[in-house]
Amino acid sequence: MALLRQIPLCGAFLLLLAGCQTTGPGTSTSVRNGFERLLDSVVRIDVRETSFSGGTTRIVAGVGSGVILSEDGIILTNAHVVSPRAVDIWVTLANLERVPATLLGWDHWTDLAAVQLDMADADTRGLRFSYAAFGDSDDLIPGQTVFAVGTPHGLSRTVTKGIISNTNRYFSDQSGINGYETGYFNTWLQTDAAINPGNSGGPLVDEKGRVVGINTRTYLGAENLGFAIPSRTAEVVLQDLISKGEVERSYIGIVPGVLQDLEGYYALEANQGLLVNSVDPGSPADQVGLRPSDIVLSIDDQEIDGRFPEQIPPIKNFIAHAPIGSELELQVRRNGSTLPIVVETERLLSRVGEEWAFEQWGLSVREISRAYARENRLESDNGVLVIGTQSAFPADKAGLSPRDIISKVNNKELKGLDELKELYGEYEEEPDSILMETVRNRRVSFKILKP
Amino acid sequence: MTKPLFGFFICLSLFAGFQASDAASPIEELFEQRIRSVVVIEFFVEREIDRRPLIVNGVVLDDEGLILLPENSVPNWVPVNKLKEFKAYIPGDPEVFTAEYLGSDRSYGRHFVRVEESLIPRLVPISEYKVGEPLLGQAIWGIGIAAKDLDFMPFFMRAEVSTIQPLPELIGFATYEVASPGALVFSDGGSMVGWASTPLNMERILTIEGKRYKAYMKIPDQTSTFYIASEWMETVSDPPESPDSYDASFIGTVGLNALNDEVAEHMGLADQSAIAVSEILNDSPAKKAGLQERDIITSLDGESFNRYVPRRVVVSYFEQEIAKRNIGDVLNIGVLRNGEPLDVEVTIESHPKLARQADRRYFESIGLTIREFVVTDRISLGMPSNEDDEPGVIVNFVKTNSNAYTAGVKSGDLIKEIEGEAVSSFSQVVSKLEEILEMTDRKDFVILVGRRSETSVLRISLE
């Protein structure tokens, strides 16, 4: 799936504001009204955000799309359009007025983010906008006409037309959003409506102008293979983003595989069971003795059916929605007998930890999360991960390079980013040579950072 | 080894030159005689579904047909019984002679072959030649060997000595390519000055339609580097007792890294090289001697390491010093631990089984080769080296579109369970698989493999 990419943000230089002539698709007035109202609620989002890559703090700019969904100016867009690193967010309304906005919440797991218009500013200027309504993505049928609205390649207010090609597409995504995991908890709407860079975060709508999905990704090099997050997923996530700024999910640490072709082997009743392909070391599932090749038949009396890949995300989502720290009772088939296993959930964490750049060192680092440590078979989540260096700066001259883990500083174990920030503070006051021990692919080496 | 046409053109031009001259030059006489010390060896590496031919050059060591091949000439991951049909050729002669593989030496990994008796009278051992010390700027010449379709035609090459460096063995660098790898280098007077080593990667900038690309290039069958004959001759040993015998020295340190200058200076090791140890294998001599992870090795048998250029050469030096010692020898290793110097006495043991010596078995009906787990797999699979259980068997080969392939088994996977039963030893896996494959009523079976930090349950169909 190397070619599967989130739609890249479109460079600001591509901005070509054409006149916005739009015509609704339907003939009846109500349909036409609904669609026009939708068009008036689609916005262009210009974002400038901090980047910590390359050993320095930089500002990078991008353009995406979004849709206003409430009268108080709440806009839904993609997590890869607006992130917590945003420095400023400018929204261009349908009437070509620009309004600043702030981030309400962010969820890379579903690639969704919510921003809110600066309503005080909008009120002062007497700006008006309309807002769209969600449709139900579960009611969609393949072949049904849909429209994608957004800012492809900076071309604001572009409408493209297509059909729903598949309502339940599954794909695994290794690349993620700048390394952040995505697509674990939802399947996708597939459409042949043209989706291009800059469409990201814009709505996929039905003929009545109801938002049935958020356009998110496309196959690079393929034609007319676009993917949108279903409104069923988006509605739930949006509520959490508004109320909590994030989506808290539970984690137990099983990696499911598909049961397809294995049902006969495990002598299972029809349409039941989830294969445990892998158990994350040290995870709750590992601690209670769940093992690879176990078959989970039910969770809290809810029967589980994970035979096909597209059935996996809803099951993961079901587990994710259990309260953090709650106990789940799994009925597990092992060696022909069924046994109950109770597992206590913990909070789901990303493999991507907090990032930071130490400018005088020319060093970008990332906190090592528990998930990263497990994935990479590290003994602990101590230390920080190097993600970039600036050439000819002290870190680069010392020989630090991306994927090194800084494990010790001046012969002292480095716990994490906060400790390194402290040490950097001391360095700023009184620059002095620093001895760093790094580990990379289990190989240890030493480096000296010199002022 | 490929022998491009390039060599052919050089040949043709040289031969044209030869024909034009009236009488043989002194160099031509030397050349005609010296090429009798170079032999071309051809053999096959037999794999599950194909055979791969390899052609290498070697030199004649004695008057009994013993040939020495360079250390990288025979792939070190191939079991000896998969090296097939050794043949020998005299440069420029299409006649085929048989040869026999004798194994590799324990310290340098160079390989030995013996050619059939009828060929011996046509060969001249290198011991016949005076050994000369090449000097900077001195003119040297060497023997080039053309491709097989040109009957391995020998051709003359010439260059000058550019520099001589300890890496850690003394390596001569010539101003141009001066010989084919595995062939010989001489002075104008006919003294043997070197044994041609592997070609260098030369960094080049390619400009294609205005775009610049950095490229590394090498001519595979010509080289400008050579082992200095005087030092090299001293390290030539006898062939091993049997082709598969392997008693290399082993101490069990893993992930050796040379310290850079700033770090060395910081640790008070300003004028010397030193080595950081990443891991120590369990049950190894280093472990028994009390060597620890993150120790800094500073000296061997009381002698501090030289400061090599480039610095990483110190690691090769250390490894080579160990390789040269005998089993049972005691090394006195000086280390710096948390800034404190101390000495550790490590008794060299015999190297544990290598991947190429591991038991292996090809199950043709499912297209899968499994191999015994060896200690070095721990390192190549990135597993912690301080555990000592046998975690399973290694998938060594998966035939494309076989049942194992369709099931998603990949080369390098670690088979941990079969049919829900944990497996560790090779024989256990073999008997388990044999048992399953013999059952006529089985439709499929399930294995659990480890791959990076995850596992996968895979169903292998038997239909």
Radius ratio Rg over Rh of region A:250-347, counting only Cα atoms, Kirkwood formula for Rh: 0.93
Eligible lysines near A:Lys161 by straight Cα distance, threshold 26 Å, same-chain separation 8 or greater: A:Lys208
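Two decimals is fine: what's Rg over Rh for chain A, C-alpha atoms, Kirkwood radius as Rh? Before the final figure, lay out the partial values.
Numbers: Rg = 24.1 Å, Rh = 23.8 Å.
Ratio of gyration radius to Kirkwood radius for chain A: 1.01.
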FRET efficiency, 1/(1 + (r/R0)^6) with R0 41 Å, evaluated for A:Val342 and B:Glu46 via beta carbons: 0.15
Accessible surface, per residue, of the protein assembly as shown when the full set of protein chains is kept, probe 1.4 Å, Å²: 44 Å²
Net charge contributed by nearby residues that have their C-beta within less than 11 Å of A:Val212 (K/R +1, D/E -1): -3
Two-decimal ratio, chain B, of alpha-carbon radius of gyration to 2.2 N^0.38 Å: 1.13
Rel. contact order, % - alpha carbon contacts under 8 angstrom, at least six apart, chain A: 13 percent
For region A:428-444, residues shielded by at least 50 square angstrom of accessible area compared with the chain on its own, probe 1.4 Å: A:Arg442, A:Arg443, A:Val444
Percentage relative contact order, chain B, counting C-alpha pairs under 8 Å, at least six apart: 10 percent
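Counting only C-alpha contacts under 8 Å and six or more residues apart, can you give the relative contact order of region B:238-357 as a whole percent? Don't skip to the answer; put the middle values down first.
On the way: 225 pairs, mean separation 36.3, N = 120.
Relative CO of region B:238-357 lands at 30 percent.
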Buried on assembly, region A:289-334 (at least 20 Å² less accessible surface than by itself, 1.4 Å probe): A:Arg291, A:Pro292, A:Ser293
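Just how many % of Cα pairs in region A:96-218 lie over 21 Å apart, if you round to the nearest whole percent? Spell out each step's value before the answer.
Numbers: 3486 of 7503 pairs.
The answer is 46 percent, as a whole percent.
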Protein accessible surface hidden between B and A, which excludes ligands and nucleic acids, total in Å², probe 1.4 Å: 2700 Å²
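Stokes-Einstein at 20 °C, 1.002 mPa s, Kirkwood radius from Cα pairs: D for the protein assembly as shown in µm² s⁻¹?
On the way: Rh = 32.7 Å.
Using the Kirkwood radius from Cα pairs, D works out to 66 µm²/s.
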Relative packing of B:183-190, A:368-375, which averages over residues the other C-beta atoms within 10 Å, highest first: B:183-190, A:368-375
Column: log10 I(q)/I(0), Debye, Cα scatterers of region A:167-279, q = 0.11, 0.15, 0.18 Å⁻¹: -0.50, -0.86, -1.08
The protein assembly as shown, accessible surface, carbon-and-sulfur percent (1.4 angstrom probe): 48 percent
For region A:352-449, size of Cβ-based charge dipole, Lys and Arg +1, Asp and Glu -1, in debye: 740 debye
Cβ-based net charge around B:Asp329, under 14 Å, with every Lys or Arg adding one and every Asp or Glu removing one: -2
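Rounded to the nearest angstrom and ordered from largest down, what semi-axes does the equivalent ellipsoid of region A:79-128 get from its C-alpha gyration tensor (root of 5λ)?
On the way: eigenvalues 106, 20, 16 Å².
Ellipsoid semi-axes (Å, largest first): 23, 10, 9.
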Residues in region A:354-379 occluded by at least 50 Å² - accessible area, probe radius 1.4 Å, against chain by itself: A:Arg377
Under 13 Å, Cβ to Cβ, from B:Lys410 - net charge with Lys/Arg +1 and Asp/Glu -1: +1
In degrees, nearest ten, helix B:5-20 long axis to first principal axis of chain B (Cα): 20 degrees
Proximal lysines relative to B:Lys82, as straight alpha-carbon distance under 30 Å, when same-chain residues fewer than 8 apart are discounted: B:Lys3, B:Lys148, B:Lys218, B:Lys324, B:Lys353, B:Lys399, B:Lys410, B:Lys416, B:Lys432
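The values are calculated or read from the model by the stated rules, or taken from the named source; none is laboratory data. Everything numeric in this text was worked out from a predicted model, so none of it was measured. A quick note on method: Cβ atoms are made from the backbone with ideal geometry, for glycine too, and the neighbour counts reach across all protein chains shown. Protein only, heavy atoms only, side chains kept; ligands, DNA and RNA dropped before computing areas. Shrake-Rupley method; radii C 1.70, N 1.55, O 1.52, S 1.80 Å.
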